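Engineer: Encoded as structure tokens, here's the structure I'll be asking about.
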Ligand SMILES: N#Cc1ccccc1Cn1ccc2ccc(-c3cc(N)[nH]n3)cc21
């Protein structure tokens, strides 16, 4: 998998050389390339923004540098196998399902906007050429797309076959298909007693059926308490 990042702050992506992602890069599972959008400007100030047409606060990112960067980094021919991700507060929700879909593609280009956003024609042009995902991390506003791109990267790459040492751990996480859309149950390890707090006895019983039931019940309880939006009537009935 090749990952490209287009940003006026490419240094954000130096962190991708650390930890598991660094190991994946070493193992050849992912190739990471960060690009400075200003390299595709031609004025002395390396200008990437301008005032919004129609007025309004803030600045908008000019389309020209993006187009020239696309030509050089991706190419000038349409290719739906290239997935272009625009983090945006007005995007579709980024979910585990989207992460799973992206984990099987060969190439992802992250377009990290700043200011008030990117000239919309850039997104329209990208849609005419590649497979575009305009995605939001959640209902809050960041200062740009870089942090969102890093979060999306981690969610996607950890699902790439061969990346995680123990793929079984993926199957038991919150939001994974195997969890029936429920939140993950509480986790414990040794010591059994810690500052007056004990591991639930059932988990030390060695009775796998009771442990499985306790974990399911806890997942249902937590999901109903914290994320009623994840429990539809059918799921509630089953639980
Ligand atoms: N756009 C915009 C915008 C609009 C108003 C105020 C500030 C910004 C900053 N910004 C510029 C690029 C960009 C990219 C992604 C996010 C983003 C994603 C999530 N889920 N929250 N915020 C924000 C981004």
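The values are calculated or read from the model by the stated rules, or taken from the named source; none is laboratory data. Values in this document were obtained by computation on a predicted structure and should not be read as measured data. So basically every Cβ, Gly included, is an ideal-geometry build from the backbone, and we count neighbours across all protein chains shown.
Engineer: Kindly indicate whether residue 92 is without any contact (Cβ under 8 Å) to a residue 60 or more places away in the chain, outside the structural domain of residue 182 (by the TED database) and within 16 Å of the ligand (Cβ to nearest atom).
Structural biologist: Numbers: without any contact (Cβ under 8 Å) to a residue 60 or more places away in the chain: yes; outside the structural domain of residue 182 (by the TED database): yes; within 16 Å of the ligand (Cβ to nearest atom): yes.
Spelling it out, residue 92 is indeed without any contact (Cβ under 8 Å) to a residue 60 or more places away in the chain, outside the structural domain of residue 182 (by the TED database) and within 16 Å of the ligand (Cβ to nearest atom).
Engineer: Next question. Within the stretch 124-141, which residues are surrounded by fewer than 16 Cβ atoms within 10 Å (Cβ to Cβ) and near the ligand (Cβ under 7 Å from one of its atoms)? Let's see the steps before the verdict.
Structural biologist: Of the residues in the stretch 124-141, the ones surrounded by fewer than 16 Cβ atoms within 10 Å (Cβ to Cβ) are 124, 127-128, 138-141.
Those that are surrounded by fewer than 16 Cβ atoms within 10 Å (Cβ to Cβ) and near the ligand (Cβ under 7 Å from one of its atoms): 138, 140, 141.
Engineer: Can you name the number of the only condition in (1) under 29 Å from the mean Cα position of the chain (by Cα); (2) more than 30 Å from residue 35 (Cβ to Cβ); (3) part of a loop (DSSP other than H, G, I, E, B); (4) at pLDDT 95 or above that residue 139 fails?
Structural biologist: (2)
Each row is one residue, and each column tells you yes or no for (1) at pLDDT 95 or above; (2) surrounded by 13 or more Cβ atoms within 10 Å (Cβ to Cβ).
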residue	(1), (2)
21	no, yes
27	no, no
65	yes, yes
86	yes, yes
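Engineer: Out of curiosity, is residue 172 surrounded by 12 or more Cβ atoms within 10 Å (Cβ to Cβ), modelled with pLDDT under 95, farther than 22 Å from residue 3 by Cβ and not assigned by the TED database to the domain that holds residue 115?
Structural biologist: On the way: surrounded by 12 or more Cβ atoms within 10 Å (Cβ to Cβ): yes; modelled with pLDDT under 95: yes; farther than 22 Å from residue 3 by Cβ: yes; not assigned by the TED database to the domain that holds residue 115: yes.
Spelling it out, residue 172 is indeed surrounded by 12 or more Cβ atoms within 10 Å (Cβ to Cβ), modelled with pLDDT under 95, farther than 22 Å from residue 3 by Cβ and not assigned by the TED database to the domain that holds residue 115.
Engineer: Same structure again: When you look at residue 11, is it in a helix (DSSP H, G or I), more than 16 Å from the ligand (Cβ to nearest atom) and closer than 30 Å to residue 165 by Cβ, yes or no? Working first, answer last.
Structural biologist: On the way: in a helix (DSSP H, G or I): yes; more than 16 Å from the ligand (Cβ to nearest atom): yes; closer than 30 Å to residue 165 by Cβ: yes.
So residue 11 fits the description; yes.
Engineer: Let me ask something else. Across the stretch 44-75, what is the total count of residues that are in contact with a helix residue (DSSP H, G or I) (Cβ under 8 Å, 6 or more places away or on another chain), assigned to a loop (DSSP other than H, G, I, E, B) and within 24 Å of residue 135 (Cα to Cα)?
Structural biologist: Residues that pass the stated criteria total 2.
Engineer: Within the stretch 43-88, can you find the residues that are away from the ligand (no atom under 14 Å from the Cβ) and at positive phi?
Structural biologist: 46, 54, 55, 75, listed by residue number.
Engineer: Something else now. When the stretch 95-123 is examined, which residues are found to be more than 16 Å from the ligand (Cβ to nearest atom), surrounded by fewer than 16 Cβ atoms within 10 Å (Cβ to Cβ) and either assigned to a loop (DSSP other than H, G, I, E, B) or not assigned by the TED database to the domain that holds residue 37 (or both)?
Structural biologist: Those that are more than 16 Å from the ligand (Cβ to nearest atom), surrounded by fewer than 16 Cβ atoms within 10 Å (Cβ to Cβ) and either assigned to a loop (DSSP other than H, G, I, E, B) or not assigned by the TED database to the domain that holds residue 37 (or both): 104, 105, 106.
Engineer: I would also like to ask the following. Which of (1) farther than 22 Å from residue 94 by Cα; (2) in the same structural domain as residue 86 (by the TED database) does residue 131 not meet, given it meets every other one?
Structural biologist: Exception for residue 131: condition (1).
Engineer: Moving to a separate point now. Looking for whichever is surrounded by 11 or more Cβ atoms within 10 Å (Cβ to Cβ), over 26 Å from residue 27 (Cβ atoms) and either modelled with pLDDT of 95 or more or not assigned by the TED database to the domain that holds residue 115 (or both) here; the options are 218, 225, 201. Which one fits? Break it down stepwise before answering.
Structural biologist: On the way: 225 fails: surrounded by 11 or more Cβ atoms within 10 Å (Cβ to Cβ); 201 fails: surrounded by 11 or more Cβ atoms within 10 Å (Cβ to Cβ).
From the options 218, 225, 201, the qualifying one is 218.
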